[in-house]
Structures are given as C-alpha cells and as structure tokens.
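Heads up: the structure comes next, in structure tokens.
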Amino acid sequence: MFKRFWIFSVIALAVLMATGVYAGMFGFTKKTTVHLSPPVEGVVTLSGQPLVGIEVYRTLDYDQEYKDKALTDAEGRFVFPEKNLESRRPNQLGDETRVRQVIGLDYEGKNYLLWYAVPGGITPREALSQRLADMKCELTTPEKEQVFENVERPEFPHSVFSICRW
C-alpha cells in the first residue's frame, strides 16, 4: 500500500512540475522587479575644471552584467537612466544574488572609481539614490570608503567606495 502511494506521489509531482502548476503554485516562475540603479547625475572635474567628452561607464550586475556608457558634456556632466529588470531569480529558494553597481572612467591611462556599491536587496535605497543623483567627482580627490545610513535597514549601513563627494 505504501509503495503505491509513493509511486503515485512521484508521478503526481512529475506531472505538476511538467505542466508548470507546481512552479506557479510556489512562485518559481513569477517575475519580480529588480532595481539595479536609480537615475545617476554627476559632474567630472580635474583641478576644478570640467572634463569634456570623457566616457563614463556604468556596470550593473545581478544575474548577468549590464553595461552602458555616457559622455560628459561641456560642463563635465554625465547622466544614466534608472535601470530595472524583471527576473525570476528572487523567487528561487535560497537565492542570495546581490546587485552590484560600478561607475568609473579611464582618463590618461588611469582608471577612476566614481562609485562602487553593493546596496543589499533588490529595491531602491533612499540614501544611495540621493547621492547618485548629485555626484561631484574631482579626479584629484582620493578614493575612500564612505559609509551612509541605510534608511530602510538602519542596522546595515551602506558602504560605498568613491572619489566623488556630496
């Protein structure tokens, strides 16, 4: 009797998985919005003078790498749009995938790190969004770790590596 029940259970589970009912029932196929980056606005200077026509890159990682570039304008300003994606990954059992944000530029053979952060979570973070909306990046400023309050989770402050200031 137990053997029949076991065989029936295995067959029923296989049918549910094959038809997608099982996955849909537990949310494995449901897509969730993952916030990779808020809008970014900044200015790049060297000894106080704007750097014009410099390529700034942004690399965002979640389940894969997403890259885009922007050129600085006559005032040294650059802009990146907000970036979100739809993913099934957050609904996978035990998933601990993190968002990683990197913004930088290469100038005269040297790489400058304008922003490096792992925000924690897949939703917007107020303190990071505020800083990414108004970056002042002077290439002569030394890179350092900066710690910001995490409004959403105060017990886990944000740690950012950057040459930019606010």
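Values in this text are rule-based calculations from the coordinates and carry no lab data. For clarity, every value in this text was computed on a predicted model and none was experimentally measured. Counting neighbours? That spans all protein chains shown, and the Cβs are built from the backbone with ideal geometry, glycine included.
Some values worked out for this structure:
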item	result
Nearest-0.05 FRET efficiency for GLN146 and THR33, computed from C-beta distance (R0 22 Å)	0.20
Largest-first principal axis extents of the Cα set of the range 32-165 (Å)	49, 28, 22
Within straight-line cross-link reach of LYS83, aspartates and glutamates at Cα separation under 18 Å, skipping those fewer than 8 residues along the same chain	GLU41, ASP61, ASP63, GLU65, ASP68, GLU126, ASP134
